[in-house]
Amino acid sequence: MHSPPTETDLIVTSGSQDGICKSFEMLLQGKSYVLMEEPSYPGTISILRPHKANILRLEGDKDGIIPNSLLKALSPWKPSDAKTDTDMPKILYVIPNGGNPTGSSITLDRRKQIYQIAHDYDLLILEDDPYYYLHFSKEPIPSFLSMDVDGRVLRFDSFSKVLSAGLRVGFTTGPRTLLERIELHMQVSILNTSALAQVLVSQLLADIGLDGFLEHTKNVQNFYKSQKDKMVKIANAHLDGLAEWNEPSGGMFMWMNILGVPDTKQMVAERARQKEVLLAPGSAFMTDPLRTSSYVRASYSLASEEDMNKGFERLASLIREERQLVKP
């Protein structure tokens, strides 16, 4: 799928998050810097908080991380500092496809720019890509691993989004020297990924073959694209003038800016729940837990078209009520 130009190895993990967690625990020292887009996946943010990592927030838009934002975050340092300054940033965390919560994917041009910046500043790229098969373009965008001529990419994949979340089987790909450290960590923590789960996945893949697996992932992709199309259409019908959003390019989430509501946390936790509307508040995806957000995340993974209609109709009413409450 990726054909990295440098020599790599692979290790099976208990879901991709297991690999991500062990990688950060391997890499973080003291108050290490971590470069990552905000908003971002709460699971990763929760990994970083106990380590007191210094998170350098990157800006993004519908096309993913903005390369100039990465350069701005690195502006206190020069590329030559990478050889002598042990305190400068070394880790760049990215969700390249169907980002959680934004639904955005990093374009090929931006991936090339970001990789070049990582090369110049000697950054290790942690490529968290559970939504690789849930992209909505005709062809998948080449991964960071596929363009890794330096051996600076650790890539995390998962079967959770295409087979079964409950299996908890993922895999990490990257330089052998780094994978050896993760393997040692596994030996003193979980010992190994569930043998039963590994056998189930292995037997399924052996039975259906590569062509069968790709056909299956195409069906999964089509399902999520259909769900996304329905949600966007229904949002246009109910939330025009009340919220703004970019159409997701992958994944299973839609990220919406609620107009006239500067902080959605209480609205989501209390009043939306009373109306039986399940959303995630934008603050849950902020690297600083005290930061407010006017955004909410909606998921189209399981909702029926009828439920989407009811949910957004109720959300529209809720936003109008909330605007009255926040008026000075």
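The values are calculated or read from the model by the stated rules, or taken from the named source; none is laboratory data. Nothing here was measured: the structure is a model prediction, and the numbers come from that model. Here Cβ is always computed from backbone atoms with ideal geometry, including for glycine, and neighbour counts include all displayed protein chains. Just the protein is used for accessible areas: all its heavy atoms, side chains included, with ligands, DNA and RNA removed. Shrake-Rupley method; radii C 1.70, N 1.55, O 1.52, S 1.80 Å.
With contributions of -39500 (n - 2.57) from each DSSP H run of at least four residues, the per-residue ellipticity at 222 nm computed over the chain stands at -12000 deg cm²/dmol. Taking every pair of alpha-carbon atoms in the range 260-301, give the share separated by more than 12 Å as a whole percent. Summing the P(r) of the range 260-301 above 12 Å gives 55 percent of all pairs.
Within the assembled protein chains, the solvent-accessible surface assigned to TYR33 is about 70 Å², based on a 1.4 Å probe. The GluC sites (Glu not before Pro) of the range 219-328 that DSSP puts in a loop, and whose beta carbon has at most 16 other beta carbons within 10 Å, are GLU276.
With the full set of protein chains in place, find how many percent of the accessible area of the chain is carbon and sulfur; take the probe as 1.4 Å. Reported share for carbon and sulfur atoms: 51 percent. With every protein chain in place and a 1.4 angstrom probe, the accessible-area ranking of SER105, SER75, largest first, reads SER75, SER105.
Secondary structure note: in the chain, about 55% of the DSSP beta bridges are antiparallel. Dipole size of the chain about its Cα centre, with +1 on Lys/Arg Cβ and -1 on Asp/Glu Cβ: approximately 780 debye, rounded to the nearest 20. Ligands, DNA and RNA are left out, and with a 1.4 angstrom probe the accessible area of the chain is 48 Å² per residue. When all protein chains stay in place and ligands, DNA and RNA are ignored, the 1.4 Å accessible-area order of SER160, SER299, largest first, is SER299, SER160. Modelled spin labels at GLU59 and THR292, positioned 7 Å past Cα toward Cβ, are 2.2 nm from each other.
Three semi-axes describe the equivalent ellipsoid of the range 154-204; taken as square roots of 5 times the Cα gyration tensor eigenvalues and ordered largest first, they are 21, 14, 9 Å. Computed extension length for GLN203-ASP307: 33.8 nm, one decimal, from 0.36 nm per residue of separation with the Cα-Cα distance subtracted. Placing unit charges on each Cβ (+1 for Lys and Arg, -1 for Asp and Glu) gives the chain a dipole about its Cα centre, and among ILE190, ALA316, MET256 the Cα reaching farthest toward its positive end belongs to ALA316.
Sorting ILE141, ILE91 by solvent-accessible area of protein heavy atoms yields ILE141, ILE91, largest first, with a 1.4 Å probe. Semi-axis lengths, largest first, of the ellipsoid equivalent to the range 6-70 are 22, 17, 13 Å, with √(5λ) applied to each eigenvalue of the Cα gyration tensor.
Qualifying trypsin sites (Lys or Arg not before Pro) in the range 262-314, where qualification requires a DSSP coil assignment and no more than 16 other C-beta atoms within 10 Å, comprise LYS275, ARG291. Taking the centroid of alpha carbons for each part, the range 133-175 and the range 2-81 are 15 Å apart. Is the range 1-152 best put as rounded, prolate or oblate by its Cα gyration tensor, with a ≥ b ≥ c the root eigenvalues, rounded for a/c under 1.5, and otherwise prolate when a/b is larger than b/c, oblate when not? Judged from the Cα gyration tensor, the range 1-152 comes out rounded (a/c under 1.5). In terms of overall dimensions, the C-alpha atoms belonging to the chain reach 57, 53, 38 Å along their principal axes, ordered largest to smallest. The loop-placed trypsin sites (Lys or Arg not before Pro) in the range 77-153, going by DSSP, that have at most 15 neighbouring Cβ atoms within 10 Å of their Cβ come out as LYS138. For a straight C-alpha distance cut-off of 19 angstrom, the lysines reachable from LYS228 (same-chain residues fewer than eight places away being disregarded) are LYS62, LYS138, LYS161, LYS218, LYS310.
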